[in-house]
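Readers should treat all values here as calculations from the given coordinates under stated rules, not as data from a laboratory. This is a predicted model, so every value here is computed, not measured. Glycine gets a Cβ as well: all are built from the backbone with ideal geometry, and neighbour counts include every protein chain shown.
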Amino acid sequence: MKSGLPSIRTRVTRALLGWSVLWTLSVSLAVCLAVQQEIDELLDDTLLAAAQVLDASLPTPSETSAVAGTPKETNEATTPAPSGRFTWQVVEYSPSSGARILLASPLAPTHPLRTTPSTGFADVPAWRVFGTHLAGGTHLLYVAQSQDERREAKIEVALSAALATLAIALLAHLWLRARLRQELLPLEHLAERLARHDPLILGATLGAAERAELRPVHAAIDALTDRLARRLAHERAFTAHAAHSLRTPLAGIDAQLAVALRECPAQLQPRLQRVRSAAARLQRVVTALLTLFRSGVDLRRQPLDLASLVGRLPIEGLSITVEASQTLSADGDLLAAALLNLFDNALRNGASHVIVSTPASAALRVHDDGPGVSAAQRGELQEAIAAQAYEGHTGLGLMLADLVARAHGGRLSLPEVDRGFAAELRLAQA
């Protein structure tokens, strides 16, 4: 669960970033479309206001006609300051001469802005024009603004709106990321609790939930933990009782077979010896099961004298050499169960000699001189052990050895050797 949280956070963060960008573009587009109309109306209002100011300040129609024949320098002295983006013209229309400019701003076009008399707003090449009759006359006043200025104004406003929207989106994204991290924090704490949680202990709980919405999750996990702990406890108890119940009759069988071997004819002794060997192997399996599944299986690590431990596990027909160059810290009972089964495996597969060594401070290797397995078979066994898919792939010995290694926080590995077969219990450091 803990390893999955960063992935969830990354996916959600990417989704938030994508939606933030999409939202920014959508809002910016909507703002730009709205701004276009608002800017047009605002600039048109400006043209209208300018026309009203000029109408009040320009000469009357009779004066305009008189001024029209004067030199241009005289006209410039009576007109507003020039502008490259704002212009005006006073145009007279007559049937004989057509449109004639009477007065104009210095940078106005040399041709009339409108060839036919027209009032109100209109678009002409490069200009936005507003026409109105001068007070008390038939002359038309045209006030114009360049299309370049209008486009520039629209672009500036649109960019300002887009940048403001982007800044807001960025702040919203950062805020959402912070909120996401804060909201996922209880899940991270829950993952840490689960990592330390031992479902094998009856009555173990996760504790109080940090959030109200996590209380059902805590309750469900605690209920599942309780069911698993009870079931495992029952299975361990049953296994332990069954093993105890089998030890006594097996010991009696072995004793009776020993007596029968001394009293029976010589031709029956090989057959009875095979029966006694099978009974002895069954005793070892029962002892290993009893050790591994004892009630209250709490790991009891301690430094071990490997030679002494192996000396208490005699197996008839198998020579054992201990080469302990490292001090091993482990649970002696669980390690004895694993060794018993590995020794039994070696014996059943034709080995006569086994070397028990410690290649590292937290590793125990059992190497026999049997026929061994091929590289392909060893690979299949290793894969099954790694996946804990024991059924149909490994025998009881390798399965129990791997369970013991896992109980110590490690794994069972099958190293490649020149001859025979080797199994290595890699234990976690104490």
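Fully extended, how many nm does the chain gain between residue 300 and residue 259 (0.36 nm per residue separation, minus their Cα-Cα distance)?
Values: separation 41, 0.36 × 41 = 14.76 nm, distance 3.94 nm.
Stretched out fully, the residue 300 to residue 259 stretch lengthens by 10.8 nm.
Under the 0.36 nm per residue contour assumption, what length would be gained going from the current alpha-carbon distance of residue 251 and residue 100 to full extension? Numbers along the way, then the final one.
Working: separation 151, 0.36 × 151 = 54.36 nm, distance 13.34 nm.
Full extension of this stretch gives 41.0 nm more.
At residue 235 and residue 327, where each label point lies 7 Å from the Cα along Cα→Cβ, what is the point-to-point distance in nanometres?
So the two model labels end up 3.7 nm from each other.
Enumerate by residue number the trypsin sites (Lys or Arg not before Pro) in the range 337-400 meeting two conditions: DSSP loop (anything except H, G, I, E, B), and at most 16 other Cβ atoms within 10 Å of the site's Cβ.
On the way: sites: 348, 365, 378; in loops: none.
Passing both the DSSP loop test and the Cβ count: no residue.
Give, in nm to one decimal, the length gained when the segment between residue 210 and residue 182 is fully stretched (0.36 nm per residue of separation minus the Cα-Cα distance).
On the way: separation 28, 0.36 × 28 = 10.08 nm, distance 1.20 nm.
The span from residue 210 to residue 182 would gain 8.9 nm if fully extended.
What is the fewest-to-most order of 57, 118 by other Cβ atoms lying within 10 Å of their Cβ? Don't skip to the end; give the middle numbers.
Working: 57 10, 118 14.
Result, fewest neighbours first: 57, 118.
Give the distance, in whole Å, between the Cα centre of the range 391-428 and the Cα centre of the range 188-219.
Distance between centres, Cα-based: 32 Å.
Using Cβ contacts closer than 10 Å as the measure, can you line up 234, 367 from fewest to most? Numbers along the way, then the final one.
Values: 234 10, 367 25.
Least to most surrounded, the residues fall as 234, 367.
Suppose each label sits 7 Å from its Cα in the direction of the beta carbon; what would the residue 198-residue 313 distance come out to in nanometres?
2.4 nm
Arrange 305, 123, 369 by Cβ neighbour counts within 10 Å, fewest through most, would you? Can you show the working numbers first?
Values: 305 13, 123 10, 369 17.
Arranged by neighbour count, lowest to highest, 305, 123, 369 become 123, 305, 369.
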